[in-house]
Amino acid sequence: MTTTTRQPREATAPPVGPPAPPRGIRRHWSEHGLAFTGPFLIVYALFLIVPLIWGVRMSLGNDNIAGTQSEFVGLDNYAEALRDPDVWSSLGNTVWFTMLSTAPLVVIALVMALMAHHLRFVSWLWRLSWFAPFLLPSGVVCLLWLWVIYPSDFGFADQLLAAFGLEPGIGWLTDSRYAMLSIVLTTVWWTVGFNFLLYLAALQAIPRHLYEAAEIDGAGGWQRLRSITLPLLSRTTGVVLVLQLLASLKIFDQVYIMTGGGPDDSTRPILQYVYQTGFTGYRIGYASAISYIFFALIVIVSLIHLRLTRRSREENAS
Amino acid sequence: MNPSSLSPPGPSRRALLGAFAGAGALAAVGAAGCAAPSTGGAGRTRLRYWHLFGGGDGVNMAAMLDAFRAEHPDIHLEDATLEWGAPYYTKLGMAGAGGRAPEVAVLHMARLTGFAPGRLLNPFDLDLLAEHGVTPADFPENLWTRGAVEGRQYAVPLDTHPIVLYYNTDICERAGLLDGEGRIRPIEGREAFTEAIRAAGEVTGQPGLVIETLGADTVGPWRVFSTFYAQAGGTLLSADGSEITIDEPKMLDVLTYLRMLADEGLIVPRVDYQGTVGVFSAGETGLFLNGEWEVSTFTNTGLPFSMARVPNVFGSGAAQADCHSFVLPNQDGRGGATNEAAHAFVAWMLRNSVDWASGGHVPAYLPTLDEPDYLAMRPQSEYRGVIDEVALDPPAWFAGSASSMWLELGAVFSGVLIGTRTPRDAVDEARSRLEDLLQTPNPFGESA
Amino acid sequence: MSALTAVRNAIRPRGDEDSGGRGARWTRGRVALLACALVLAVLWVLPLAWALATSLKPEDETTDTGLHWIGSEITFNAYEQVWASGDLTRWMFNTAYIASMTTLLTVVLTAMAAYGFSRTEFRGRKLLYGLVMAGIMVPPQVLIAPLFAEMVAFGLVDTYWGVILPQVATPAMVFILVKFFDGLPRELEEAAYVDGAGRWRVFWRIVMPLSRPVLAAVAIFTFIQTWNNFLWPFLVTTDPNAMTLPVGLVNVQSTYGVRYAQVMASVIIGGLPLLIVFVFFQRQIVRGVAHTGLAGQ
């Protein structure tokens, strides 16, 4: 993949300034730098840097939510977290959800994008039906799906099953065998449209002449898909995949609203455990320690992401 | 671009100042409390009240609040019904921490120990309460003292709400379980209870008893277990809440009995809280063990039913219970007219708690217990004798309604009822989870 | 080709993308494809349709078994009840206010910062920019505990600013805008300097108008994210009067127990604002999301 796939518009916008600016105006480029960046930097420092550092301090203390105690306890919280089976089980649930949800969220999105792209017909319909759920707040989505799957005798999903002659009465959210799958189902319905859009955008960037050439060579539809489309999408797939991993690891809303982490904590993700220890259980110091363990996991995935984008940027530049 | 339209580099400093002034203004506005705008009218005292009552309780509470509003035109009462259980207590604690909490709220008495009295809650002013006609002598002593910490009163009890036995009078009549007056005959001992369930089940051709067996944050299994375990004389923790005192044979005995009921098909399998209410309300089972608060649900549907104390199955008439109480969540700078309104509100609610009792709860305010209106209330006054024998949680910071202890143990006992855990396994797991809770440092320090 | 470029190429103004399809032949394969797509579309619309159908039924028919899409009558009773309770209007206002303020502040602050980083040489620029870029890796979710403690200390719990300010600190948006400004030719600005304009004048009068498409993308993405955000508003608001729509919907229970038609009516009302906006601004939103989506989050 090289610059041949780029369209010429970027070329008219060179990323660097003209070679030699007239001497008189050079000073302008060094004026007010801090004034421009200052306001953002203040907000950024107050609400990202400060909590990031304050959190480290809290994770080393026995702080409670009421702020009545804040003694330094060293690494006790971290030691406790590593011994706490609930930390491991909720981390496990988080990873399990991520594994279950990522594949369908990427594959279905790709299939949708391919369909919409190749049909080139009523494209508003595909965008509306597949992407619109992404615009709904999680609270709305979860209440909606609770109503669709939860009530065991008159729920829509069960009645649909019954209509197809299958056994209704599945404990969609009350049976630990199905609860996580129900959460995944809800999530796929809700957010697949986002990945769909990213894929669609990538597909539309593939120059049509590549296909035309292949058509002249007598390549069939499948062949074109395999030898042109999918290879050209591989970079997008990499990025979508990592973004999806990051998003899935941060699962909270759906579980909190739909199962509260149950049955018997079988769906509780790590963020909910942080919430429970810190806010429900008031141990905000311990909750911070768990947060940083989770953060480590996120950083690992983010570094992979960074590598991917950097590599793609370098290739792009060449 | 027309150059003449561009003025000389004057506005830069102003823009810079503007940017910082803007940032400063944000902070200032925040500090000045850009809270969500209040809707209180001019000249009226704004009184915010949070509670967690849904269902029939919610309807009763709404009616009482309307009556209070009608009698107090000078008070603007704003009530909020938050999601029951852990979500409610999380919000209440966070509001107390944030210092912008409501003036008055409801709290389960058994949660008081864990609610940082003094930091997340402010104490009552007993003189102010007395001015509005409510004194400590108006309450059972054990309940009143439970609301006090280090000599200050943080919780004023409203009611006691035990587990009771609901029975469908039609089904039980046909099963021969009623006496001449249409009341359920006393059941004593586990064989008798098993037989009663079997008899009720034979009438409908379905399990005779329904109890909550599963769900998210399920506490029903804990309530039923706790009732029978208390009847057998078992305890979980020492009186000061510092040591585990589990009586394993008794615990195993109770769990084995519950498992037997499940295995024999005597209880409705796999049903969550809403489901239990639905099953009983549809007349599918004769017996139902649950808190007394669903009474209005069944009264409204016209179901033929009544209520009684939980039968003495394991050696006493004890029943698991907790108490609703009023508390004053922490406000930075509590006092003045709003605080006085909060005290007036609490006193008014207590003096009118006969209306509250119609929702099934046994009033804590002694004068109400003797009111003819209360005594005439059926079935709400049938089981009032239980308050001398209620099993309250030990005073541990992790105990009380919807506490981590309830949720942890509720999930374990749920496993016994739905067959994913053996009773033996559940005993071990319960002990281990209780140990974990005891080892967890009290977030508010040892003194709390 | 980077994904970012792909997106940028895709969102550039072009002819109607349907144009290629109008003339295309309806081969058997294409019909099959259409059928599959329609099935998927129906599957995706079904839950929403069921919610809508439920909300229009009389309350006592919502729990009937059997798939009845339409009750004995079509009634807007549930909507009236939900609306009359007043909570939804309050939450809707809160959400709109918070989302607008967050969007405005984000656009202005990140654009200024990005311009400063992209176009200005000042001491510590590289270091500060590196610091901001490192922040992209910090998900706000891991900061909830200390951030809440900070809000308690600042007295911002249950205030609008408590919800807004932490959501403004989004380094990803600075990154997107820096990339954009880097690609902008400097000639126009220089011409303005020659004519004696100052930096702020140039920024507000030349750079900002030129950047309208990318600013719109940032604004749209920020608005959607803020409107729908759950975790942070959920934590920092405890007073139902201060809650946003998504938070209020799940935290406050109706006094009269579970009324499914009413719950579904509030779901429909809660979802409607952004859906309506989407119908009218489909193209812009699709572009905005695709553009910021890859680099953002």
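Read-outs throughout are calculated quantities, based only on the coordinates presented, and are distinct from any laboratory measurement. All values reported here derive from a predicted model rather than from experimental measurement. Cβ placement follows ideal geometry from the backbone for every residue including glycine, while neighbour counts extend to all protein chains displayed.
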Number of partner chain Cβ atoms within 10 Å, mean per residue of A:57-70
6
Peptides B:182-189, B:113-120, A:207-214: what's the order by average Cβ count within 10 Å, highest mean first?
B:113-120, B:182-189, A:207-214
Output the 0 to 90 degree angle, nearest 10, between the alpha-carbon long axis of helix B:404-418 and the longest principal axis computed from the alpha carbons of chain B.
40 degrees
Integer Hz, Karplus 6.51/-1.76/1.60 couplings in order for the range A:207-213, x for Gly and Pro
x, 5, 5, 4, 5, 4, 4
Using a 7 Å offset from the Cα along the Cα-to-Cβ direction at both B:Ser316 and A:Asp217, what is the distance between the two label points in nm, to one decimal?
8.7 nm
Lysines within cross-link reach of C:Lys179: Cα-Cα under 26 Å, excluding same-chain residues under 8 positions apart?
C:Lys126
If R₀ is 45 angstrom, what is the calculated FRET efficiency for the pair A:Arg307 and C:Ile276, using the beta carbon separation as r and rounding to 0.05?
0.65
Using θ = phi - 60° and the Karplus curve 6.51 cos²θ - 1.76 cosθ + 1.60, what whole-Hz ³J(HN,Hα) does each residue of the range C:84-101 get, with Gly and Pro shown as x?
5, 5, x, 4, 4, 5, 4, 5, 4, 4, 4, 4, 5, 5, 5, 5, 5, 4
Under the definition of partner shielding as Cβ atoms of other protein chains within 10 Å of a residue Cβ, what is the mean value for peptide A:246-256?
3
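Would you mind telling me the antiparallel percentage of the DSSP bridges in chain B, rounded to 5? Walk me through the intermediate numbers first.
Values: 28 of 44 bridges.
If I count the DSSP bridges inside chain B, around 65 percent turn out antiparallel.
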Give the lysines reachable from B:Lys91 as a straight Cα distance under 23 Å; neighbours fewer than 8 places away on the same chain don't count.
A:Lys250
Give the cross-link partners of B:Lys250 among the aspartates and glutamates, using a straight C-alpha distance below 18 Å as the criterion and excluding same-chain residues fewer than 8 apart.
B:Glu188, B:Glu191, B:Asp393, B:Asp425, B:Asp428, B:Glu429
Within a Gaussian network of chain A (alpha carbon springs, distance under 10 Å), most fluctuating of A:Pro39, A:Pro263, A:Pro231
A:Pro39
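For C:Arg212 and C:Ala96 in one chain, what is 0.36 nm times their gap in residues minus the Cα-Cα distance, to one decimal in nm? Mind dumping the intermediate values first?
Values: separation 116, 0.36 × 116 = 41.76 nm, distance 2.21 nm.
Additional length available on full extension: 39.5 nm.
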Could you check the spin-label model distance between B:Asp66 and C:Val39? Points 7 Å from the Cα along Cα→Cβ, value in nm.
5.3 nm
Other chains near C:95-105: what is the mean number of their Cβ atoms within 10 Å of each residue's Cβ?
1
So for the range C:211-281, using the alpha carbon gyration tensor with a ≥ b ≥ c as root eigenvalues (a/c under 1.5 gives rounded; past that, a/b versus b/c decides prolate or oblate), I'd call it oblate
Of the beta bridges DSSP finds with both residues in the protein assembly as shown, what % are antiparallel, to the nearest 5?
65 percent
If amide H atoms are built 1.01 Å from N in the plane of the peptide, which residues on other chains or at least 5 residues away come under 5 Å of the amide H of B:Asp159?
B:His324, B:Ala364
Return the long-range amide H neighbours of B:Leu47 (sequence gap of 5 or more, or a different chain), with a cut-off of under 5 Å between placed amide H atoms.
B:His76, B:Leu77, B:Glu78
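If you take the beta carbon distance between B:Glu195 and A:Ile228 as r and set R0 to 60 Å, what does 1/(1 + (r/R0)^6) give as a FRET efficiency, to the nearest 0.05? Each step should come with its number before you reach the end.
Details: r = 76 Å, r/R0 = 1.27.
According to the calculation, E is roughly 0.20.
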Positive-end extreme of charge dipole, the protein assembly as shown - chosen from B:Leu209, B:Cys172, B:Phe345 (charges on Cβ):
B:Phe345
Whole-Hz ³J(HN,Hα) for each residue in the range B:208-222, computed from phi via Karplus 6.51 cos²θ - 1.76 cosθ + 1.60 with θ = phi - 60°, x for glycine and proline: what do you get?
x, 10, 10, 9, 5, 10, 7, x, 6, 6, 6, 10, x, x, 5
